[in-house]
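All remarks here apply to the structure that follows.
Throughout, read-outs are computed from the coordinates displayed, never taken from laboratory work. None of the values given here were measured: they were computed from a predicted structure. Don't worry about glycine lacking a Cβ; one is built from the backbone with ideal geometry, like all the others, and counts go over all protein chains shown.
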Amino acid sequence: MSQRITIDPVTRIEGHLRVDVEVNDGRVSKAWASGQMWRGVENILTGRDPRDAWAITQRICGVCTTVHAIASVRAVENALNLEIPVNANSIRNLIILAHAIHDHIVHFYHLSALDWVDVTSALKADPAKTSALAESLSNWSGNSKHEFAKVKERLTGFVGTGQLGIFTNGYWGHPAMKLTPEVNLLAVSHYLQALEVQRYASKIVSVLGSKSPHIQNVAVGGVANPLALDAQSVLTMERLLAVKEWIGKLDDFVKNVYLVDVAAIGAFYPEWTQVGRGITDYLCVPDIPLDGKGETFAIPGGHIAGGDLSTFKAINTFHDKYFLDGVSEAVKHSWYDYKGGNDKSLHPYEGETTPNYTDFQDEGKYSWLKSPTFYGKPMQVGPLARVLAGLAAGHEPTARYATATLERVSSIAGIKVGLDAMHSTIGRHAARAVACAVQVDELAAQWDRLVDNMGKGDLTTFNPPTFPKGEQRGVGFHEAPRGVLSHWVVIKDGKIDNYQCVVPTTWNAAPRNEHDAPGAYEACLLDNPVADPEQPLEVLRTVHSFDPCLACAVHILDTEHTEVVTVKAA
Ligand code: NFE
Ligand code: MG
């Protein structure tokens, strides 16, 4: 018998996402992902000064707060062929990396771990056994028996008053929860410790970007941080040394806690390496430029077809034609209309954002997200794409952390777990941790580059832009925490003529495209087990593994059509 389940809204994400699934014999047979909010940022930009676009587009999202600023200045610089100073590049890279590490820690521990970890089961744990287990896996200083006993006492206090606080409304006691009480206590303790650690990443963004969320220091042509080696300037050596200390704290947590926990949880849920495979066409872009023009990068990117690493095709520069020509967006199943008809897809330079709301139509329009494709095909984007691209490109740090993670999972699980396991719901979590470890090392390397260059006496941070008459087109791409982000700008006589943002969650949470091919969430939900339709925990596991951000995905507020909350499971 077929049952329809509607989850609206999905929580522990950013924005308003509705997911519908049809379940047959305990498995998902059809899925719909729908963005339920509309704002209008792309349209707001038309006619404005391109130098202001970064400050406006950054307000698309309060989670990936830096990324739209970066993609926007890159787009305008790309249109003008404007090189930025080495220091500006390093400062941007430090911000990008610190922000990404923040995002990944918060996603794993605070937004998705409780899909796998039963908080109430932790009350039955023996803190001494938890500590013995934790110490067998890692030498993290927060793994003492005393620490685990303290957390258990805190939790017992919560439950005793009937107030679970931040842990209310989980699917506690669900049959798909498989961890032992000791592993649950370990994970809950690290959840609380991660709340402390994530602050170090935010502090780095705040010091370098002047504010978080939403940095204030970028400009078309560089950054606005005055640099000096004395104590009178904004970014002093004293502040840079504080940044270095916080990088060390992040390094310790990511390597000794996050990477270990992700492997342990993966090892306890081996069946989830077989769930959530869906789309295996992957796209990511290179990032962390090593020069001011975007011709060389620390972390590679490109396209992989059908999960086969031998098909990898690299994207090499900010002007890469392979990327530029490949992207388009369709609206056949989205609440928009294209002037030339909704059976077409449009390249972002020709993109249109004209709303047409129809209500939710199963076979027609059902989402505020457009459907992006790369050479006509839907893609999966995100940390899994970047780990696979790193492996395909022979990127040593990615290979080292990915291999160590698979070996750790195999050793804890007692079975051989290979690379194929990564194409899955649990694999997306493992890939995010691997990508995060690569980013921590690169964060330290970028700090060295900045300080070395300042030591040579170069304190330049800004090359002023000039806008010629006529038309210029530019794309700014950035490998944001959730995947490929690109901003596309058409400038006419110094003013924005068209502006389109094609965003990670738009790729992954897209509705069916012009050929009715499903987006990544929809495809990856097929065959997911659902033990209890009243508590569709397994559906949330797969959706959360992508780290949805709907504000980014739609980036456009409609006061008339926004349904605020309906939650039904029938
Ligand atoms: Ni609002 Fe974002 C990221 C962007 S969307 S979180 O990462 O761009 O997927
Ligand atoms: Mg868009």
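If R0 equals 45 Å, the separation of the Cβ atoms of Y357 and L164 corresponds to a calculated FRET efficiency of about 0.75. For region 465-518 and region 65-124, what is the centre-to-centre distance using only Cα atoms, to the nearest Å? Between the Cα centre of region 465-518 and that of region 65-124, the gap is 18 Å. Applying both filters, DSSP loop and at most 14 other Cβ atoms within 10 Å, to the trypsin sites (Lys or Arg not before Pro) of region 358-465 gives K416, K456. Protection proxy ranking, highest mean first, for peptides 139-147, 486-494: 486-494, 139-147, where packing is the per-residue count of other beta-carbon atoms within 10 Å, averaged. Each residue of region 311-319 is assigned a 3J(HN,Hα), and the resulting list reads 8, 3, 10, 6, 9, 10, 9, 5, 10 Hz, derived from the Karplus form 6.51 cos²θ - 1.76 cosθ + 1.60 (θ = phi - 60°), x at Gly and Pro. Label-to-label distance for D308 and L419 is 1.4 nm, based on points extended 7 Å past Cα in the beta-carbon direction. Treating r as the C-beta distance of Q216 and D25 and R0 as 51 Å, the FRET efficiency rounds to 0.40. Note that region 415-463 shows a convex hull volume over its alpha carbon atoms of 120 Å³ per residue.
Our compactness index for region 420-570, the C-alpha radius of gyration over the empirical 2.2 N^0.38 Å, is 1.45.
Between Rg and the Kirkwood Rh of region 210-337, both from Cα atoms, what is the Rg to Rh ratio? Intermediate values should be presented prior to the final figure.
Values: Rg = 21.1 Å, Rh = 19.8 Å.
Expressed as Rg/Rh, it is 1.07.
Sorted fewest first by neighbouring Cβ atoms within 10 angstrom, V275, V21 come out as V275, V21.
Listing D291, D252 from the residue with the fewest other Cβ atoms within 10 Å to the one with the most, what is the order? List each step's numbers first, then the result.
Details: D291 13, D252 16.
By the 10 Å Cβ count, ascending: D291, D252.
Applying a DSSP loop filter and a limit of 15 other Cβ atoms within 10 Å to the trypsin sites (Lys or Arg not before Pro) in region 31-71 leaves R48.
Counting only the Cα atoms, region 401-501 fills a convex hull of 134 Å³ per residue. For R27, nonlocal amide neighbours, meaning residues 5 or more places apart or on other chains whose placed amide H falls under 5 Å from its own, are V530.
Once Rg and the Kirkwood radius are both taken over the C-alpha atoms of region 9-151, their ratio Rg/Rh works out to 1.12. All C-alpha to C-alpha distances of the chain, sorted into 10 Å bins beginning at zero, yield P(r) values of 4, 18, 29, 27, 16, 6, 1, 0 percent in whole numbers. Note on D337 and D493: the model spin-label points, each 7 Å out from Cα along the C-beta direction, lie 3.0 nm apart. Subtracting the Cα-Cα distance of K293 and K145 from their residue separation scaled by 0.36 nm leaves 48.1 nm. Among the trypsin sites (Lys or Arg not before Pro) found in region 203-268, those both in a DSSP coil and sparsely packed, with 12 or fewer other Cβ atoms within 10 Å of their Cβ, are K211. Pairwise inverse Cα distances across region 170-209, averaged and inverted, put the Kirkwood hydrodynamic radius at 12.4 Å. Counting neighbouring Cβ atoms within 10 Å and putting the fewest first, the residues W32, W507 line up as W32, W507.
How large, in Å, is region 52-94 by the Kirkwood hydrodynamic radius built from its alpha-carbon pairs? Hydrodynamic radius (Kirkwood, Cα pairs) of region 52-94 is 10.9 Å. Amide H contacts of Y336 (H built 1.01 Å from N, in plane; Pro and chain starts excluded): N356 sit under 5 Å, all sequence-distant by 5 or more or on other chains.
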